[in-house]
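S.K.: Here you go, one structure.
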Amino acid sequence: MSTKAARRLLRLQSHLPNTNITARHRPSETASVELCVTVADGTTRGENVGQADELASSLKRLGITDVEVRAPPTGLENEYRTILTADAVTFVADLVRHFNSDVQKMLTARVVRKAELDTRGSLPDFSEDTIHIRESSWTVRPVPPRLQNRHIDLGDVSPSNQEHFLKALKSKAQCIQVDFDDGHCPTWRNQLCGMYHIHRFVHGRYQDVPAPRQAPVLMLRPRAWNMVDHTMMVHGIEVPGPLWDFGLMIYHFGKVLLQCESGPFFYLSKLEGYKEARLWNEIFVWSEQRLGLPHGCMKACVLIENLLSSFEMHEILYELRDHSAGLNCGIWDYSASFINKFGHRADFLLPDRNKYVNMEKHFLKSYMDLVIQTCHKRGCHATGGMSALLVPDKNLSNYHDVIQKTTSAKLKEIQAGVDGFLVYDDKLIEPMQKLFEEYAPSDNQYNIKRLDVQVTPKDLLLMPKGGVTFEGLKHNIAVGILFIDAWFHGKGHFFYKGAVEDSATAEISRSQVWQWIRHQARLEDDGKLITYQLVADLVVVFINSQMQTSNYATLADRKHLRTASEIFLEIVAKRDFPEFITTYLNLEHAFLKGMH
């Protein structure tokens, strides 16, 4: 703990002699210490407790005594009061009580399945138990009119960044991925601000943006199942992050978006199979019934970000068939999932991602083709991943190179049959929409059935050939460290070398470094062995270079960067692979070092 924070504790102790004062560490934009006061009766109270007391009293009047909600950050009392009403919190608490045991069983099933794959040395396959679903004729319920054309989604739009969110609302994209997951850092401040900014838009509080009927459609993305929320407890247990996000979003925005014929629509991240889709469907049905919404009004696009899900696409769509908005295929979370599940096996060594891993490689092309074939057979959208490139000003020499590179890659996806894809930079919207106008002008490409596709398990599991470059190793180190550093500043994504980086690219970056050390890979440049010491030496070089830039002019910023590098080295040296970098940062003691 800093000397300044310690002095604050002593000052508070002197004014409140009957209290025990401790420091609670939580991720925050400023990496500060949240002071908590434990009063004589044993209850814990933050410095800004008035709003929390008022909420607790309101809940108590409703007969709810097993729910605790953290006090708001200073300055966000209005946001807290608007979003965390007693009725909204009651709904979320009921949602958690109803589904918490199912969530825990699902998370346990993930661990069991991973253990079975490890102990048996087996590989995933298309299940014989569900062959009747894959081979029978059925389609998902059609999406409403505003979802029929999803040519361009703006991705990684964290609503906590009001300027970015409003800019997206004014864009010409068909949809916006309103992101509480990959591109978002779930600090308490960010969670409240994000929900509040959506609330203001949905309820017409912004004067200078289109109304929901005219603005791009909101595709709300809650956190994935690996994330826990630290701000609310039900019956003494912290609630699952996605239930907090989804519960508040559907409670506050569901009916209004439905009335505007603009929702409620969702992205669902990091599912590991059809049973997890079944759980989400049950959550949708329960929420529709509880809130008096018509059955099937919620629609969700599932991101196939895990290789286990690629063997269960038909089943996932079947479970969500009344609530489905199709499937999405990306590249980096999906590629990282190979290391997550099989990284300890030498035959799953993934080569340099910048040089050897792209959507043209057999395992990724097979996966995308299967997404398209599956979705179009079932009458729903198949969308591609996000273009992360940032477009420079038109007067700069590399402007046309970026446009050409993006156009070339995305045209291949269109020609393969995708119905849309994501971009980060809004300057890509117009040129990408022109691609659709020229090559696929209708709302979707359901007519492209891809009967030529015959994907086998071997196709999905075939690792690309290639080695590791020195530049690729350095790039992965940089992205991994800078992502952790971004989290210290409350940011879920950052810009590096002309592209946006988020938790997906951080996952593949740190995963590859861990795997290359684990399997003693060699650099193809000079044959040098990739060891922990080599990585540590390169980390020092990178940190020293960053210290010379204006981004790290203050002592606090330099300290955060050094702490980020220490955590990165911690992660890549772990004997057992940490499954998600965001979970590690959110829960492990290592992240709390940055709060001292």
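S.K.: How many residues are of a type in the set (Gly, Ala, Ser) and in contact with a Gly (Cβ under 9 Å, 6 or more places away or on another chain) when one looks only at segment 462-516? Spell out how you get there, then give the answer.
M.R.: Residues of segment 462-516 of a type in the set (Gly, Ala, Ser): 466-467, 472, 478, 480, 486, 490, 492, 498-499, 503-504, 506, 509, 511.
Subset that is in contact with a Gly (Cβ under 9 Å, 6 or more places away or on another chain): 486, 492, 503-504, 506, 509, 511.
Of the residues in that region, 7 qualify.
S.K.: Could you grab the pairs with beta carbons closer than 6 Å, sequence gap of 6+ or different chains, first residue in segment 525-546 and over 14 Å from Lys474 (Cβ atoms) and part of a helix (DSSP H, G or I), second one open to solvent by less than 80 Å² (accessible area, probe 1.4 Å) and not β-branched (Val, Ile, Thr)?
M.R.: Tyr532/Ala573
S.K.: Another one. Would you point out which residue out of Arg510, Arg575 is over 23 Å from the mean Cα position of the chain (by Cα) and closer than 17 Å to Leu349 by Cα? Lay out the reasoning, then the answer.
M.R.: Numbers: Arg510 fails: over 23 Å from the mean Cα position of the chain (by Cα).
The unique qualifying residue is Arg575.
S.K.: Being surrounded by fewer than 18 Cβ atoms within 10 Å (Cβ to Cβ), without any contact (Cβ under 8 Å) to a residue 24 or more places away in the chain and either among the basic types (Lys, Arg) or not in a helix (DSSP H, G or I) (or both) is the requirement here; does Lys559 meet it? First the steps, then the outcome.
M.R.: Numbers: surrounded by fewer than 18 Cβ atoms within 10 Å (Cβ to Cβ): yes; without any contact (Cβ under 8 Å) to a residue 24 or more places away in the chain: yes; either among the basic types (Lys, Arg) or not in a helix (DSSP H, G or I) (or both): yes.
Criteria met by Lys559.
S.K.: Further question: Within segment 182-196, can one find any residue that is free of Cβ contacts under 8 Å to residues at least 40 places away in the same chain, surrounded by 24 or more Cβ atoms within 10 Å (Cβ to Cβ) and not β-branched (Val, Ile, Thr)?
M.R.: First, pick out the residues of segment 182-196 that are free of Cβ contacts under 8 Å to residues at least 40 places away in the same chain: 194.
Remaining after also requiring surrounded by 24 or more Cβ atoms within 10 Å (Cβ to Cβ): 194.
Cutting the leftovers down to not β-branched (Val, Ile, Thr) gives us 194.
Yes - at least one qualifying residue is present in segment 182-196.
S.K.: From the list Arg146, Arg205, which residue is part of a loop (DSSP other than H, G, I, E, B), open to solvent by 10 Å² or more (accessible area, probe 1.4 Å) and charged (D, E, K, R)? Give the steps one after another, and end with the answer.
M.R.: Numbers: Arg146 fails: part of a loop (DSSP other than H, G, I, E, B).
Within the list Arg146, Arg205, the selection yields Arg205.
S.K.: Checking the condition in contact (Cβ under 8 Å) with a residue 60 or more places away in the chain, of a type outside the set (A, V, I, L, M, F, W, C) and either within 23 Å of Thr554 (Cβ to Cβ) or assigned to a helix (DSSP H, G or I) (or both), which residue from Gly480, Gly466 passes? Let's see the steps before the verdict.
M.R.: On the way: Gly466 fails: either within 23 Å of Thr554 (Cβ to Cβ) or assigned to a helix (DSSP H, G or I) (or both).
The match here is Gly480.
S.K.: Also, I was wondering about something else. Quick one: would you say Phe495 is exposed (fewer than 15 other Cβ atoms within 10 Å of the Cβ), under 27 Å from the mean Cα position of the chain (by Cα) and not in a helix (DSSP H, G or I)? Let's see the steps before the verdict.
M.R.: Working: exposed (fewer than 15 other Cβ atoms within 10 Å of the Cβ): yes; under 27 Å from the mean Cα position of the chain (by Cα): yes; not in a helix (DSSP H, G or I): yes.
Here the answer is yes, as Phe495 does meet what is asked.
S.K.: Kindly provide the set of residues from segment 366-403 that are in a helix (DSSP H, G or I), within 25 Å of Cys175 (Cβ to Cβ) and more than 21 Å from the chain's Cα centre (by Cα), ordered by number. Break it down stepwise before answering.
M.R.: Kept after step one, since they are in a helix (DSSP H, G or I), are these residues of segment 366-403: 366-377, 399-403.
Imposing the further condition that a residue be within 25 Å of Cys175 (Cβ to Cβ) reduces the set to 367-377, 402-403.
Passing the criteria: Asp369, Leu370, Ile372, Gln373, Thr374, Cys375, His376, Lys377, Val402, Ile403.
S.K.: Here's another thing I want to ask about it. Please go through segment 208-225 and give me each residue that is buried (at least 24 other Cβ atoms within 10 Å of the Cβ), assigned to a loop (DSSP other than H, G, I, E, B) and charged (D, E, K, R), ordered by number.
M.R.: Arg223, the sole residue that qualifies.
S.K.: Filter segment 70-111 down to residues that are β-branched (Val, Ile, Thr) and crowded, with 19+ Cβ neighbours inside 10 Å and give me whichever is nearest to Trp280 (Cα to Cα).
M.R.: Within segment 70-111, the subset β-branched (Val, Ile, Thr) is 74, 82-83, 85, 89-90, 92, 96, 103, 108, 111.
In the following step, the residues that additionally are crowded, with 19+ Cβ neighbours inside 10 Å were identified as 83, 89, 92, 96.
On the way: Ile83: 23, Val89: 20, Val92: 15, Val96: 13 Å.
The residue in question is Val96.
S.K.: Could you tell me whether segment 502-519 includes any residue that is surrounded by fewer than 18 Cβ atoms within 10 Å (Cβ to Cβ), touching a residue at least 12 places away in the same chain (Cβ under 8 Å) and among the β-branched types (Val, Ile, Thr)?
M.R.: Taking segment 502-519 as the starting set, the residues that turn out to be surrounded by fewer than 18 Cβ atoms within 10 Å (Cβ to Cβ) are 519.
Next, from what is left, pick out any that are touching a residue at least 12 places away in the same chain (Cβ under 8 Å): 519.
Subsequent filtering for residues that are among the β-branched types (Val, Ile, Thr) retains none.
Within segment 502-519, not a single residue is surrounded by fewer than 18 Cβ atoms within 10 Å (Cβ to Cβ), touching a residue at least 12 places away in the same chain (Cβ under 8 Å) and among the β-branched types (Val, Ile, Thr).
S.K.: Consider segment 498-508. How many of its residues are assigned to a helix (DSSP H, G or I) and either over 20 Å from Phe180 (Cβ atoms) or modelled with pLDDT under 95 (or both)? Quick ask: steps written out before the conclusion?
M.R.: We begin by selecting, within segment 498-508, every residue assigned to a helix (DSSP H, G or I); these are 503-508.
Those left that are additionally either over 20 Å from Phe180 (Cβ atoms) or modelled with pLDDT under 95 (or both): 508.
Within segment 498-508, residues that are assigned to a helix (DSSP H, G or I) and either over 20 Å from Phe180 (Cβ atoms) or modelled with pLDDT under 95 (or both) number 1.
Residue-by-condition table, conditions (1) open to solvent by 10 Å² or more (accessible area, probe 1.4 Å); (2) touching a residue at least 12 places away in the same chain (Cβ under 8 Å); (3) assigned to a loop (DSSP other than H, G, I, E, B):
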residue: Met232; (1), (2), (3): no, yes, no
residue: Phe246; (1), (2), (3): no, yes, no
residue: Val256; (1), (2), (3): yes, yes, no
residue: Gly263; (1), (2), (3): no, yes, yes
residue: Lys270; (1), (2), (3): yes, yes, yes
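S.K.: Answer with yes or no whether Ile429 is open to solvent by less than 30 Å² (accessible area, probe 1.4 Å), touching a helix residue (DSSP H, G or I) at 6+ places or on another chain (Cβ under 6 Å) and in contact (Cβ under 8 Å) with a residue 12 or more places away in the chain.
M.R.: Numbers: open to solvent by less than 30 Å² (accessible area, probe 1.4 Å): yes; touching a helix residue (DSSP H, G or I) at 6+ places or on another chain (Cβ under 6 Å): no; in contact (Cβ under 8 Å) with a residue 12 or more places away in the chain: yes.
In short, no.
S.K.: In segment 317-348, what count of residues is obtained for those that are in a helix (DSSP H, G or I), out of contact with any helix residue (DSSP H, G or I) (no Cβ under 8 Å at 6 or more places or on another chain) and either open to solvent by 10 Å² or more (accessible area, probe 1.4 Å) or within 26 Å of Gly263 (Cα to Cα) (or both)?
M.R.: To start, the set of residues in segment 317-348 that are in a helix (DSSP H, G or I) comprises 317-319, 332-342, 346-348.
Add one more test, that the residue is out of contact with any helix residue (DSSP H, G or I) (no Cβ under 8 Å at 6 or more places or on another chain), and what stays is 337, 346-347.
Within this subset, residues satisfying the condition of being either open to solvent by 10 Å² or more (accessible area, probe 1.4 Å) or within 26 Å of Gly263 (Cα to Cα) (or both) are 346-347.
Residues meeting the conditions: 2.
S.K.: Conditions: (1) touching an Asp or Glu at 6+ places or on another chain (Cβ under 7 Å); (2) among the β-branched types (Val, Ile, Thr); (3) more than 20 Å from Val92 (Cβ to Cβ). Val234 meets all but one. Number of the miss?
M.R.: So the condition that Val234 fails would be (3).
S.K.: Within segment 149-173, which residues are more than 16 Å from the chain's Cα centre (by Cα), surrounded by 22 or more Cβ atoms within 10 Å (Cβ to Cβ) and either among the β-branched types (Val, Ile, Thr) or farther than 18 Å from Val302 by Cβ (or both)?
M.R.: Residues of segment 149-173 more than 16 Å from the chain's Cα centre (by Cα): 149-152, 162-173.
Narrowing further to those that are surrounded by 22 or more Cβ atoms within 10 Å (Cβ to Cβ): 150-152, 165, 168-169, 173.
Answer for segment 149-173, where residues must be more than 16 Å from the chain's Cα centre (by Cα), surrounded by 22 or more Cβ atoms within 10 Å (Cβ to Cβ) and either among the β-branched types (Val, Ile, Thr) or farther than 18 Å from Val302 by Cβ (or both): His151, Ile152, Phe165, Ala168, Leu169, Ala173.
S.K.: In segment 112-133, how many residues are open to solvent by 50 Å² or more (accessible area, probe 1.4 Å) and in a helix (DSSP H, G or I)?
M.R.: 10
The values are calculated or read from the model by the stated rules, or taken from the named source; none is laboratory data. This one's a predicted model, so the numbers in the text were calculated from it and none came from an experiment. Positions of Cβ are generated from backbone atoms using ideal geometry, with glycine treated the same way; all protein chains shown enter the neighbour counts. SASA here: full protein model, heavy atoms, side chains in, ligands and nucleic acids out. Shrake-Rupley method; radii C 1.70, N 1.55, O 1.52, S 1.80 Å.
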